[in-house]
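Asker: Dropping the structure in here first, questions after.
The values are calculated or read from the model by the stated rules, or taken from the named source; none is laboratory data. Since we're looking at a predicted model, the values are computed, not measured. Don't worry about glycine lacking a Cβ; one is built from the backbone with ideal geometry, like all the others, and counts go over all protein chains shown.
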Amino acid sequence: MAEVIAAVLMTAGTVFFIAGTVGLLRFPDIYCRLHALTKADGLGLALIALGTALLAGSAGAVFRIALIWFFVAVASATCSHLVARHARQTGTEVQHG
Amino acid sequence: MADPLMIFDILLALSIVALATASLSVRDQFTMIVLFIIFGLLSALAWVRLSAPDVALAEAAIGTGVTGALLLKTLHHLRFVSGSRNRQPMTGVAPLPPVPLGVTLANAAFCGLITLGLAAGFLGAPAAGPGFDMLVAEAMPTSGVAHPVTGVLLNFRAYDTLMEVVVLLAAVVAVWQIERGLSEAPAPVMGVVWQGFARLALPAIVVVGTYLLWGGAEAPGGAFQGGAVLAAMGLLLLLTRAYVPQPGHRGIARWAFVLGTGVFALVALLVAGGGRVAFEYPLEHAKTLILLIEGMVTISIAVTLAALFHGREPVALTTGGRHDT
């Protein structure tokens with residue numbers, strides 16, 4: 001049962017990653033792309049981490065997966081903030097239409 | 001129906017080759033570096049698939065993380081201080097002359113020779129033989145540690161590992177010697193979110209780096225991986241300006257650079273005698289000695305990589321020039 005739930009969670013996570021990547025490729029400017037990438041990937045990562053944690057054998061492994069999720073989430077949020085900040089400061093325009 | 005993992009492996013291998021080709025063929029240097037970093041991450045994944053987590057950790061930490069940071073720092077330096085992309089000419093710094101064609105050709109020749117040597121070594125190796133697995137497994141009880149990779153690196157072929165540490169030492173000596181005339185690139189101001197992230201990440205990096213070092217005795221990890229992760233701490237400290245290198249710190253830095261090589265060589269020589277040769281640790285002290293060496297080597301690797309990222313010997317900068325004392 002746990003394996004089925006884990007598979008569903010990880011599949012859903014992968015769908016979010018694919019959606020984020022499509023957004024990265026299709027959206028018009030850097031701000032929209034960051035918006036698509038960080039939001040979708042953040043949720044995708046959480047779902048995949050949850051799925052992996054269900055299959056993890058020990059409490060230690062679950063704890064490590066939780067730590068990995070936390071630090072990847074914080075790092076990716078910080079990175080996109082830095083990218084957006086740099087784009088704004090160097091005068092990258094928001095694309096309309 | 002093919003094995004799904006086989007399909008994954010083939011896709012992974014194709015992506016790695018494609019990324020390598022792309023990173024060599026794009027013209028924009030920033031794109032080139034980003035592609036190289038992705039190439040490193042996928043290579044680390046390939047090492048995982050080859051059941052070599054130690055190499056994967058080293059590739060991810062050193063080959064991708066630290067090397068990527070070094071490349072980006074170099075690009076920043078090229079754009080803002082020296083070279084043809086001089087946007088903000090610094091006082092007293094002439095743009096560097098272009099690299100002579102002879103130097104480029106010599107570099108190409110040496111790289112070609114190394115590639116040929118690697119190819120000869122690879123093709124000359126016995127194909128699909130048993131390797132050294134059996135020999136290592138038999139000798140493990142005499143190594144003093146439980147993890148075969150650490151046993152090989154720090155005991156059975158410790159001489160090679162010592163040389164790897166010496167290479168790193170030579171690199172930082174060379175950088176401190178030649179990069180004297182250049183001014184510092186203006187440090188980018190990264191903002192409060194970044195500062196908060198650094199405050200959160202710093203203690204975690206210390207724990208992870210030490211864990212990698214300590215766990216290396218019985219699980220994948222070790223001095224190089226731990227050292228690279230701890231070097232990331234140095235990078236964070238330098239980037240947040242929490243630590244600004246001062247000329248007075250050069251002495252401590254020099255000691256930290258040679259600590260690993262020095263302790264490694266001393267231990268190797270001191271265990272010799274009484275029927276033993278150099279690097280032949282007495283069994284009852286083997287684990288202690290290996291941990292001592294690994295600990296000191298980790299410190300050296302971390303400080304050296306961070307110093308390479310900083311890029312030049314800290315000198316007292318006076319207005320419009322430099323002041324070497």
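Asker: Answer yes or no as to whether A:VAL62 is surrounded by fewer than 18 Cβ atoms within 10 Å (Cβ to Cβ), within 14 Å of chain B (Cβ to nearest Cβ) and in contact with a helix residue (DSSP H, G or I) (Cβ under 7 Å, 6 or more places away or on another chain).
Answerer: Against the criterion (surrounded by fewer than 18 Cβ atoms within 10 Å (Cβ to Cβ), within 14 Å of chain B (Cβ to nearest Cβ) and in contact with a helix residue (DSSP H, G or I) (Cβ under 7 Å, 6 or more places away or on another chain)), A:VAL62 does not qualify.
Asker: Given the options A:LEU45, A:LEU25, A:LEU34, name the one that is exposed (fewer than 13 other Cβ atoms within 10 Å of the Cβ), among the aliphatic types (A, V, I, L, M) and either more than 14 Å from chain B (Cβ to nearest Cβ) or out of contact with any Asp or Glu (no Cβ under 8 Å at 6 or more places or on another chain) (or both).
Answerer: Within the list A:LEU45, A:LEU25, A:LEU34, the selection yields A:LEU25.
Asker: Tally up the residues in the range B:101-133 that are of a type outside the set (Gly, Ala, Ser) and at pLDDT below 80, please.
Answerer: Final tally of qualifying residues: 4.
Asker: Follow-up. Yes or no: the range A:69-86 includes at least one residue that is away from chain B (no Cβ under 14 Å) and surrounded by fewer than 17 Cβ atoms within 10 Å (Cβ to Cβ).
Answerer: Of the residues in the range A:69-86, the ones away from chain B (no Cβ under 14 Å) are none.
No, that holds for no residue.
Asker: Has the range B:171-191 got any residue that is outside any loop (DSSP other than H, G, I, E, B) and within 13 Å of chain A (Cβ to nearest Cβ)? Steps first, answer last, please.
Answerer: Taking the range B:171-191 and keeping what is outside any loop (DSSP other than H, G, I, E, B), we get B:171-178.
Still in the running and within 13 Å of chain A (Cβ to nearest Cβ): none.
Checked the range B:171-191: no residue is outside any loop (DSSP other than H, G, I, E, B) and within 13 Å of chain A (Cβ to nearest Cβ).
Let's see how each residue does on (1) over 29 Å from B:ILE290 (Cβ atoms); (2) of a type outside the set (Ser, Thr, Tyr); (3) crowded, with 19+ Cβ neighbours inside 10 Å:
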| residue | (1), (2), (3) |
| --- | --- |
| B:MET163 | no, yes, no |
| B:ILE205 | no, yes, yes |
| B:GLY209 | no, yes, yes |
| B:ALA217 | no, yes, yes |
| B:GLY234 | no, yes, yes |
| B:LEU239 | yes, yes, no |
| B:VAL267 | no, yes, yes |
